[in-house]
């Protein structure tokens, strides 16, 4: 030992593999300590997924109450564990959930980290020292009637529910921002495009309203998935047979969990199937990916519509958020849509990760649920943040370049489409080509050729006829 260096005080714990020193003031124990050495992967602890920590504490609290109801845990032990769980749900001890988000063992290290923190905090409530597991044991008491294989997937489902509910709030707010812009730009005429080529007239309001509608559809799809997350396998224990749990435990723990969370959960009809199946996470991930990709498409559209300001489309102006270049003076980039794009790319990659993890869960258990949980929770969290900044720092401040749009609309040959029902497709195409070649507007060519009376032509080319009533 070096002179002047003070080593932190340690306490010694033991498990089936032997003994190990744990920091004396740590609420975690030997199982967590081993995981810290085994999984130095991302540097991101499970405590960073606050919804997962809260959900796990809720699962442990429900198990504690069920075991106490069935006289499996004493009143004193149950009260101490219950109190510790309540504190963790409220946000306490987050820094004690230190196991890396990526880990082998199907989430066993996460489950043990939770068991040890709850046990040691419960010991404090009984006036006992940390590590005094003869009084309250992480496995024999906190993990009673449970396995990682039923508590972990249940906790992940609850965490995802919490995360999705927050995402839906931000996503709905973004949808409202686009809807408001749709109303603001209702009378602004422009040219719609297909395949990046001029198509037919529309309004800028129609374009932004369509953005709002597609976002609302995604919110609906996401809400539909919430019900699938309410089926749980608590009581399955190791592989679904319920070994080491009372026959009455499964219904009791489900009932207590529903009461604590404030949401009705149902027990899977076949616990062996439910313990090995991760299909619900693929379902949720696919819907989250759909939401992200459609949001990315909108972000890309805004980048195109705002391109310029002189040599691009320049139909809209995004709010300037920061200088765009260290070398080009005055340049401003569409940084908010760009970050939304990047979040979507990440979500798409995470969806593939979840798919591969689901595919490779062999036999009665999927060992790769930690990467499923991390990937899904990160995707939802990042998308939540992306929606928030997209609305506040971009969409709410978008302005229409009305003069530019009016100039484009006034000289556009796309209005020739509105004449096909009266003069035929071939003649309308000929007029459009002439207008492009000679720089003459469509209306003047039609009147010069005497193809339609002025009143009828004006009716065909009126904004209402060109873009519809909205």
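Rounded to the nearest 10 degrees, the angle from helix 402-411 to the longest Cα principal axis of the chain is 50 degrees.
To the nearest 0.05, what FRET efficiency results for residue 124 and residue 430 with a Förster distance of 60 Å applied to their C-beta separation?
On the way: r = 87 Å, r/R0 = 1.46.
That gives a FRET efficiency of 0.10.
Estimated at 0.36 nm per residue, the fully extended path between residue 244 and residue 327 surpasses their Cα-Cα distance by 23.1 nm.
Calculated mean residue ellipticity at 222 nm for the chain: -18500 deg cm²/dmol, from DSSP H runs with n ≥ 4 weighted as -39500 (n - 2.57), summed, divided by the residue count and rounded to 500. Binning the alpha carbon pair distances of region 150-251 at 10 angstrom intervals from zero yields the distribution 14, 26, 20, 16, 11, 8, 5, expressed in whole percent.
Note on residue 399 and residue 264: the model spin-label points, each 7 Å out from Cα along the C-beta direction, lie 5.3 nm apart.
Here the chain carries DSSP beta bridges of which approximately 90% are antiparallel, counting only pairs with both residues inside. Computed over the Cα atoms of region 412-467, the ratio of the radius of gyration to the Kirkwood radius (Rg/Rh) comes to 0.92. Computed from the C-alpha gyration tensor, the three semi-axes of the ellipsoid equivalent to region 10-144 are 22, 17, 13 Å, from longest to shortest.
Tell me, what is the FRET efficiency for residue 42 and residue 166 to the nearest 0.05, using R0 = 25 angstrom and their Cβ-Cβ distance as r? Please report the intermediate quantities before stating the final value.
Working: r = 23 Å, r/R0 = 0.90.
E(calc), rounded to 0.05, equals 0.65.
Report the gain in length on full extension from residue 221 to residue 19: 0.36 nm times residue separation, minus Cα-Cα distance, nm rounded to one decimal.
Values: separation 202, 0.36 × 202 = 72.72 nm, distance 5.06 nm.
Net length gain for the segment: 67.7 nm.
Taken together, the values in this text are just the output of simple stated rules run on the coordinates, not laboratory data. Since the structure is predicted, the reported quantities are computational estimates derived from the model, not experimental observations. Cβ sites come from the backbone with ideal geometry, for glycine too, and all protein chains shown count toward neighbours.
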